[in-house]
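> Provided herewith is a single structure, encoded as structure tokens, for subsequent inquiry.
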Amino acid sequence: MRKFVGALAISALAAAAWASPAAAAEVKIGYSIAKTGLFAPAAPSQINAYNLWAEQVNARGGLDIGGKERRKVTLIQYDDQSNPGNAVKIYEKLITQDKVDLLLSPWGTPHHFAIASVLERHKFPMIGSTASSVQLRNMKPGNIWFTTAAVADKLATAMVGLLQSAGVKSVAVLTNQLPFGQENKKFLMPALKAAGIKVLVDADYPPNIKDMTAILVKVKAANPDGVIGLAYPGDSILYINKAREVGIAAKFQYLLVGPAIGFFRGMFKGAADGIVTLGHWSPHGDNARSKAFYAAYKKKFKQEPDYLDSVEAWVSVEILEQAVAKAGLDKDKLRQAISTGTFDTIIGKVRFDGVQNAVTPTGFLQIQKGELHVVWPKDRQTAPLAPKTGWK
Amino acid sequence: MRLLTTREAVPLLLVAAIAAVLPLLGSDYYLGVGFILFGWIALAQSWTVVSGLAGYISLGHVVFAGIGGYVLVLTWGAVPVWAGALLGALAAGLFALLVGLPVLRVRGPYFVILTFGLAEFAKYVVINIENALGRFGRLILGGPPLETLYWAMAALALAGTLAVVAIRRLRLGAGLVAIREDELAADTIGVPTVRFKLFAFALSALLPGFVGALFVLRTGYFEPAQAFDPVISFTIVTMAIVGGSADARGPVFGALFLVALSELLWSNFPQVYMIVLGALLVGFVLFAPNGVAGLFERRRAAAAAPAGG
Amino acid sequence: MEILLSGQLLVAALIIGSIYGLVALGLNLIYGTMRLLNIAHGDLVMIGAYTGYWLFTLAAVSPVLAMLAAGALAGLTGAALYFGLFRRQLAGSQPIERIEANSLLIFFGISIVIQNLTALAFTASPRTYQALDTLVRIGEVSIAQSRLVALAVCLGLSAAIVLFLRFSALGLSIRALIQHRTASRIVGIDVDRVQAFSFVLGFALAGLAGTLIGVTEQISPFMGFPFTIVAFVVIILGGLGNLAGGIAAGMVLGLIETYGVALTSANLRSVLIYGVFILVLVLRPEGLLQRRRLT
Amino acid sequence: MLRVERVGKSFGGVRALQDVSFTVPESSIFGIMGANGAGKTTLFAIIAGNLAPSSGSVRLGDLRLTGLPPHRVAAAGVARTFQIVRPFRGLSVQENVETALRFGARDRPAAAMADAAGILDLTGLDGVAGRPAGALTLAQQKRLEVARALATGPRLLMLDEVMAGLTPAEVQDTIAMVRRIRADRGVTVMIIEHVMGALMALSDHVVVLDHGETIAAGPPAQVADDPAVRSAYLGRRH
């Protein structure tokens, strides 16, 4: 028994040692992320963005603290094993044990929701990134903000606009059972009905689906103008493989999450051309911050950023940096600065209304000749929408 | 008989002492660690009732925690929080009673994989129910504060430990151990095996139902794939095997050991933590099937036995 | 419903079924001869998938060749585990129930170790690669070359193994061991050799099947477990230790899954598979425990 | 006290017992003879409730045992030992006995419930009380079977080949032990034994089974002279 108490004591000591101020001058910034478990595959896009940012800030001489001084930043990262319960524990640890100066967001909607109460309890402001749900509007504003422009209800409206502009009269809707897919469907179906777009096939499938042939055979038989796949990365890949095999010929084919990740286009070469996906950022616009981010990311990681997750994460640190430059590290001033400020980011100006991004419109990207272009909304287009023509 | 033997007093005092000391450290972090620790102790003690004493090794104990959590979110807003948690515990116990009769007829390794399959089955059923209801992850805002949850969980850990201590003294405990050793022989000397097994199974589901509800209150979020995560079942088994599952000491030792290990390792070396966990399971099954508690016993026995005796 | 008449669907069902059959065959072989419940079986599938991925990505080796390497690698892992851990267990005087229950826990630990070692080495990021992706048309059915290869290899290999067990001397020893464990020792079968062979062959089959699976599916350190479960369902359906029955059961499960999903919803796939799993275990425990009851 | 009435049992198509009837008198030692596969152990299993008969019934006094689960039969005061020993291996000898003391026959005086020492003494296991049951010799494990059965406080004790595999000296000890069990505790004993001499010496009554049927019944001396027994049983065996 003494051994165990000893082990516990050692672990406490180790935690304390970790937390001890190694370099008092550095700004400690903590976050938790899914390095293992269900969401682990998604996390690198976000971690890369954070690391790139820290490196750039330090190269600039450090983080500008309220215009008074520049201090180097150091990132403290923990693995939450894809478990929101662990994220709660980690943010408590970051705040109370590690005594970090700033927090970055974890990956995923559940994790954002889970830590909201910790932020509230300690009055610690944090800018969210990779989270999206209509439920986020139920959150108490003040210590958490969401950069996303892809909340399901707005997304549904935008999707109908895109479909109508493309002349799509009938669709097949294929939905992954995971929360984001389901929530999208919930708002999309009535919007489609209201717009008079016929739903010829409506099929749900589980996250661990192995073979889509049965669903796609039905889609092929129904021959809709468009296929709306409310999919995640794994099933997006499966969709391309199987749709190509079955020979789905719809001129509009959409996959919710996946095609915006760098490796996706690489692995399919021409076959993925014409696929539409969720996203409101592309390096092809004339935003200088954007181009710089894209180039630096590609140089450091030898791959493209994820047009969704890397971008959201990057936007969150851009906002944080600007808010700290204005307000310093004091939590109350920082909260005030974030709530009221307008920030320059790679997705343009961002301002918050309550917990939400009040500016950025919902957008869509399309793979064209292996590159991702913004095709919606029209005023932000980097290329017009083109019909999908075959699988090459 | 003494009021409490050493092997009964040690786990009880240990749980009580830790519960009393952690809040003195004055940090949410320690309360959070304590909350998790007590959660594991309560789960592992419950597991011990059916798997340690009766020898029906359950690899699906997360199902009870999942049900408890699910009932809590279903009743959220409709009944007071603690009533919801209590209902969660009762629902888990009821579920165990319902499935127990057919499931407990299956023995040995088949029971092990069956419980695993049952938990996964329940998970997918809940996922489909949630989908049909149009719910995709439920947000629970405004639950009790961490201190309250901490004390509630500490009480569950103590209750679980006390339950195992008490059951071992009762006729029920003797009967369950007899079932573990030889079910046919147990039946023949008069142990009502079916009734005892069922009772133990239901009993071992109650606390996990409560723990599951508290887990959900702590994260403020319910999502079936998380609430029914099989890794939880696996961790319970590893804790009980590492600590020893013959009496109430094992789960406390096992949970303490693994929580300490995880605080040391997982946040920085998560894969290493899991590798150590897997290796520990293999090592203990092969070389120390009675766990750490068993190792103590063995050393004491060796010291007491005269040479050559 | 005319969709049920689709040739595309039938071929998909056969491909899945044949893969399930081959994966389950390895598990069944190890259970049948040694009563070891290898819950890490799916992780060998994962190792095979990674082998195929790396050989293709780094050296442009075709999956058809890579699967042999994967089989060898998985087989070596099997040999290491057999001689390192299990041989002693099996030789001891423990009752068979003990060995069964312990083996389950030991393999569970091994599974966790393998998964996380892989995650440590290759990160948890899923990987995919496009090999043998030319589309082949057979009548109205269009199918990727890789899946056609998978079908042919799985069926061919399964058949070969059944023939091997029926007609070769070693195969006959394996069958004898499956049917009468204690008796085969007495009639002079080198039990240790047969066990080692079965263990290695079981692992090798999983690795080999893994390469075939990796061509068409996402590869990740945690991809294996669902295959373990499916393999359990298959061997329980087909009869524990009944190798030919297992191959047939793999096909049946492939059909149930594909047509079940086509008729209802893909959402119900897991409910369907676990439902079958539970029902078979609960309704026929006497069938499963038959061998033990006879003693 | 025990009445077996026209009991039959078949497994699949194979008849293990057919139309077996007899009555065991109170406080007797009742022997059951028969070759391997004659159905003796099956008969015990049916009386103890481990197996359900295909036909017929078993009564203990006024109580119909047939259809009761084993623990209810034990509660009624019937205990059995297993031919292939089934001790609680992980428990000590003492714990084996104590466990049985807490279960078994329902109507027992409170004093009997604390009689572990007496039982261990009677069965000659007092020297190994602390040892794990799995570590005993076969002879000791056979005695433990008897001790555990006795600890359930039975009115009827069924002993299944407790002397098989023992040395002649051990057999003599066991015979003495069985006699003492009846004398000290007033327990009725049914005994299956291959050791012919021992069975004949012990029993007040004997039933001989052959292929599941009763071929002879009566006092040992009379049965031993029965020509059917000689040809069917002894003739075949020797």
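The values are calculated or read from the model by the stated rules, or taken from the named source; none is laboratory data. This structure is a prediction, so every number in the text was calculated from the model and none was measured. Methodologically, a virtual Cβ is constructed for each residue, glycine included, from the backbone with ideal geometry; neighbour enumeration extends over all protein chains shown.
> For residues that are under 19 Å from A:Leu174 (Cα atoms) and not hydrophobic (A, V, I, L, M, F, W, C), scanning just the range A:253-278, find the one that is surrounded by the most Cβ atoms within 10 Å (Cβ to Cβ).
So, considering only residues that are under 19 Å from A:Leu174 (Cα atoms) and not hydrophobic (A, V, I, L, M, F, W, C), the one surrounded by the most Cβ atoms within 10 Å (Cβ to Cβ) is A:Pro259.
> Within the range A:204-225, how many residues are surrounded by 20 or more Cβ atoms within 10 Å (Cβ to Cβ) and either among the small types (Gly, Ala, Ser) or at positive phi (or both)?
Matching residues across the range A:204-225 total 1.
> Considering the range A:158-196 alone, what residues qualify as being of a type in the set (Gly, Ala, Ser), touching a Ser or Thr at 6+ places or on another chain (Cβ under 9 Å) and surrounded by fewer than 24 Cβ atoms within 10 Å (Cβ to Cβ)? Show your work before the answer.
Applying the first criterion (of a type in the set (Gly, Ala, Ser)) to the range A:158-196 yields A:158, A:161, A:165-167, A:170, A:172, A:181, A:191, A:194-196.
Imposing the further condition that a residue be touching a Ser or Thr at 6+ places or on another chain (Cβ under 9 Å) reduces the set to A:158, A:181, A:191.
Correct list: A:Ala158, A:Ala191.
> Just for helices (runs of 4 or more DSSP H) wholly inside the range A:197-305: which have at least 3 residues that are more than 19 Å from the chain's Cα centre (by Cα) and under 27 Å from A:Phe343 (Cα atoms)?
Qualifying helices (runs of 4 or more DSSP H): A:288-301.
> Right, here's the next one. Can we say B:Trp76 is out of contact with any strand residue (DSSP E or B) (no Cβ under 6 Å at 6 or more places or on another chain), more than 14 Å from chain A (Cβ to nearest Cβ) and surrounded by fewer than 21 Cβ atoms within 10 Å (Cβ to Cβ)?
On the way: out of contact with any strand residue (DSSP E or B) (no Cβ under 6 Å at 6 or more places or on another chain): yes; more than 14 Å from chain A (Cβ to nearest Cβ): no; surrounded by fewer than 21 Cβ atoms within 10 Å (Cβ to Cβ): yes.
So B:Trp76 does not fit the description; no.
> Of all residues in the range B:85-105 being surrounded by fewer than 22 Cβ atoms within 10 Å (Cβ to Cβ) and at the interface with another protein chain (Cβ under 7 Å from one of its Cβ atoms), which is farthest from A:Leu178 (Cα to Cα)?
So, considering only residues that are surrounded by fewer than 22 Cβ atoms within 10 Å (Cβ to Cβ) and at the interface with another protein chain (Cβ under 7 Å from one of its Cβ atoms), the one farthest from A:Leu178 (Cα to Cα) is B:Arg105.
> What residue, among those in the range A:149-192 that are farther than 19 Å from A:Pro361 by Cβ and polar (S, T, N, Q), is modelled with the lowest pLDDT?
Taking the candidates together, the pick is A:Gln177.
> Exactly one of (1) assigned by TED's automatic domain parsing to the domain that holds A:Thr109; (2) part of a loop (DSSP other than H, G, I, E, B) is unmet by A:Trp145. Its number?
Failing condition for A:Trp145: (2).
> Hey, can you tell me all the residues within the range D:1-44 that are without any contact (Cβ under 8 Å) to a residue 12 or more places away in the chain and of a type in the set (A, V, I, L, M, F, W, C)?
Within the range D:1-44, D:Phe11, D:Val14 qualify.
> Please go through the range C:109-137 and give me each residue that is surrounded by fewer than 22 Cβ atoms within 10 Å (Cβ to Cβ), at the interface with another protein chain (Cβ under 7 Å from one of its Cβ atoms) and of a type in the set (Gly, Ala, Ser), ordered by number.
C:Ser125
> Which of the following residues is away from chain C (no Cβ under 13 Å), in a helix (DSSP H, G or I) and more than 26 Å from A:Leu178 (Cβ to Cβ): B:Leu264, B:Leu286, B:Leu280?
On the way: B:Leu286 fails: away from chain C (no Cβ under 13 Å); B:Leu280 fails: away from chain C (no Cβ under 13 Å).
Matching residue, one of B:Leu264, B:Leu286, B:Leu280: B:Leu264.
> Separate question: Return the only residue of C:Tyr82, C:Tyr129 being in contact with a helix residue (DSSP H, G or I) (Cβ under 7 Å, 6 or more places away or on another chain), in contact (Cβ under 8 Å) with a residue 60 or more places away in the chain and not in a helix (DSSP H, G or I).
Result: C:Tyr129 is the single residue among C:Tyr82, C:Tyr129 that is in contact with a helix residue (DSSP H, G or I) (Cβ under 7 Å, 6 or more places away or on another chain), in contact (Cβ under 8 Å) with a residue 60 or more places away in the chain and not in a helix (DSSP H, G or I).
> Would you point out which residue out of C:Arg175, C:Arg269, C:Arg193 is basic (Lys, Arg) and within 14 Å of chain A (Cβ to nearest Cβ)?
Testing whether each residue is basic (Lys, Arg) and within 14 Å of chain A (Cβ to nearest Cβ) leaves just C:Arg269.
> Could I ask something else about it? Among the numbered criteria (1) surrounded by 21 or more Cβ atoms within 10 Å (Cβ to Cβ); (2) away from chain A (no Cβ under 14 Å), which one does C:Ser6 miss?
Every listed condition holds for C:Ser6 apart from (2).
> Tell me whether the range C:199-207 contains one or more residues that are within 14 Å of chain A (Cβ to nearest Cβ), within 13 Å of the chain's Cα centre (by Cα) and either surrounded by fewer than 21 Cβ atoms within 10 Å (Cβ to Cβ) or under 24 Å from C:Leu68 (Cβ atoms) (or both).
No, the range C:199-207 contains no residue that is within 14 Å of chain A (Cβ to nearest Cβ), within 13 Å of the chain's Cα centre (by Cα) and either surrounded by fewer than 21 Cβ atoms within 10 Å (Cβ to Cβ) or under 24 Å from C:Leu68 (Cβ atoms) (or both).
> Give the residue that is nearest to A:Glu26 (Cα to Cα), with candidates limited to residues of the range A:88-111 that are within 17 Å of the chain's Cα centre (by Cα) and within 9 Å of another protein chain (Cβ to nearest Cβ).
Among those that are within 17 Å of the chain's Cα centre (by Cα) and within 9 Å of another protein chain (Cβ to nearest Cβ), it is A:His111.
> Still on this structure: Exactly one condition in (1) part of a helix (DSSP H, G or I); (2) crowded, with 18+ Cβ neighbours inside 10 Å is false for C:Phe164; which is it?
(2)
Condition check ((1) assigned by TED's automatic domain parsing to the domain that holds A:Trp314; (2) of a type in the set (A, V, I, L, M); (3) not in a helix (DSSP H, G or I)) across all residues:
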| residue | (1), (2), (3) |
| --- | --- |
| A:Leu75 | yes, yes, yes |
| A:Ala116 | yes, yes, no |
| A:Ser132 | yes, no, yes |
| A:Arg137 | yes, no, no |
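> Could I ask something else about it? Within the bounds of the range A:47-69, is there any residue that is at negative phi, within 14 Å of chain C (Cβ to nearest Cβ), among the polar types (S, T, N, Q) and surrounded by 24 or more Cβ atoms within 10 Å (Cβ to Cβ)?
There is no residue in the range A:47-69 that is at negative phi, within 14 Å of chain C (Cβ to nearest Cβ), among the polar types (S, T, N, Q) and surrounded by 24 or more Cβ atoms within 10 Å (Cβ to Cβ).
> Related question: Quick one: B:Glu181 ticks every box in (1) in contact (Cβ under 8 Å) with a residue 12 or more places away in the chain; (2) touching a helix residue (DSSP H, G or I) at 6+ places or on another chain (Cβ under 6 Å); (3) among the charged types (D, E, K, R); (4) closer than 27 Å to B:Ser51 by Cα bar one, so which box is it?
Condition not satisfied by B:Glu181: (2).
> Follow-up. For residues that are touching a helix residue (DSSP H, G or I) at 6+ places or on another chain (Cβ under 9 Å), modelled with pLDDT of 90 or more, of a type outside the set (D, E, K, R) and part of a strand (DSSP E or B), tally how many sit in the range A:346-387.
10
> Show the residue pairs meeting these rules: Cβ distance below 9 Å; 6+ apart or different chains; first residue within the range A:287-306 and more than 21 Å from A:Lys349 (Cα to Cα); second residue among the basic types (Lys, Arg) and surrounded by 21 or more Cβ atoms within 10 Å (Cβ to Cβ).
Close Cβ pairs satisfying both conditions: A:Glu304/A:Arg265.
> Spot the failing condition for B:Val63; the list is (1) modelled with pLDDT under 95; (2) surrounded by 24 or more Cβ atoms within 10 Å (Cβ to Cβ); (3) within 13 Å of chain C (Cβ to nearest Cβ), and only one is missed.
Just one mismatch for B:Val63, condition (1).
> Do you know which of the residues in the range D:106-135 that are surrounded by 20 or more Cβ atoms within 10 Å (Cβ to Cβ) and assigned to a loop (DSSP other than H, G, I, E, B) is farthest from the chain's Cα centre (by Cα)?
D:Leu125
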